[in-house]
Amino acid sequence: MAGGARGLYRRILLLHRALPAALRALGDRYVKEEFRKHKAAGPAEAQRFLREWENYAALIQKQVNEDKQNPREKTVYGIQLTEEKLNDFRDEQIGQLKELMDEATKPSKKITISKDSEHRR
């Protein structure tokens, strides 16, 4: 995977800039990890890999554009995976998907700071 992959990689990271901060961080981390893992992929696997990431980039581009056109409506990013699509995944991919889901659904940590004077008495 050479030039085309590099351009796609950059395009995805640019698209992620339009995502909410938590999704951007998660997405950037995942994209970097996946592209690194597939650097030495064979031609057939590289073609399949790039096709799936092209589809992802097109989907995110569409959703970002929809978000810009309808700023009052909350955009839901991504897609619902069908059972058929899930059945095509290898065990390793199912594990990665579970990790992503766990990371994406973690409750956000919020820190509340109160004034010291309220607690002294």
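The values are calculated or read from the model by the stated rules, or taken from the named source; none is laboratory data. Computed from a predicted model, the values in this text were never measured in an experiment. Note that we place each Cβ from the backbone using ideal geometry, even for glycine, and neighbour counts take in every protein chain shown. Ligands, DNA and RNA are excluded from the accessible area calculation, which covers all protein heavy atoms including side chains. Shrake-Rupley method; radii C 1.70, N 1.55, O 1.52, S 1.80 Å.
Only residues that are open to solvent by 30 Å² or more (accessible area, probe 1.4 Å), farther than 24 Å from Lys106 by Cβ and of a type outside the set (Gly, Ala, Ser) were counted across the range 1-14, and they come to 6.
Residue check, Ala18 against (1) touching a residue at least 40 places away in the same chain (Cβ under 8 Å); (2) in a loop (DSSP other than H, G, I, E, B); (3) within 27 Å of Glu92 (Cβ to Cβ), all met but one. Which one? Condition (3) is where Ala18 drops out. Could you tell me whether Arg17 is more than 10 Å from the chain's Cα centre (by Cα) and open to solvent by 50 Å² or more (accessible area, probe 1.4 Å)? Here the answer is yes, as Arg17 does meet what is asked.
Please specify each residue of the range 21-45 satisfying the condition of being assigned to a helix (DSSP H, G or I), touching a residue at least 24 places away in the same chain (Cβ under 8 Å), open to solvent by less than 60 Å² (accessible area, probe 1.4 Å) and over 15 Å from Ala57 (Cβ atoms). Correct list: Leu26 only. Kindly check whether there is at least one residue in the range 60-82 that is assigned to a helix (DSSP H, G or I), closer than 18 Å to Leu97 by Cβ and among the aromatic types (Phe, Trp, Tyr). The answer is no, given that none of the residues of the range 60-82 is assigned to a helix (DSSP H, G or I), closer than 18 Å to Leu97 by Cβ and among the aromatic types (Phe, Trp, Tyr).
Has the range 89-104 got at least one residue that is outside any helix (DSSP H, G or I) and surrounded by fewer than 13 Cβ atoms within 10 Å (Cβ to Cβ)? Checked against the condition, which is being outside any helix (DSSP H, G or I) and surrounded by fewer than 13 Cβ atoms within 10 Å (Cβ to Cβ), the range 89-104 yields at least one hit.
In the range 46-79, the qualifying residues are those that are acidic (Asp, Glu) and open to solvent by 60 Å² or more (accessible area, probe 1.4 Å), and the one that is nearest to Tyr9 (Cα to Cα) is Glu54.
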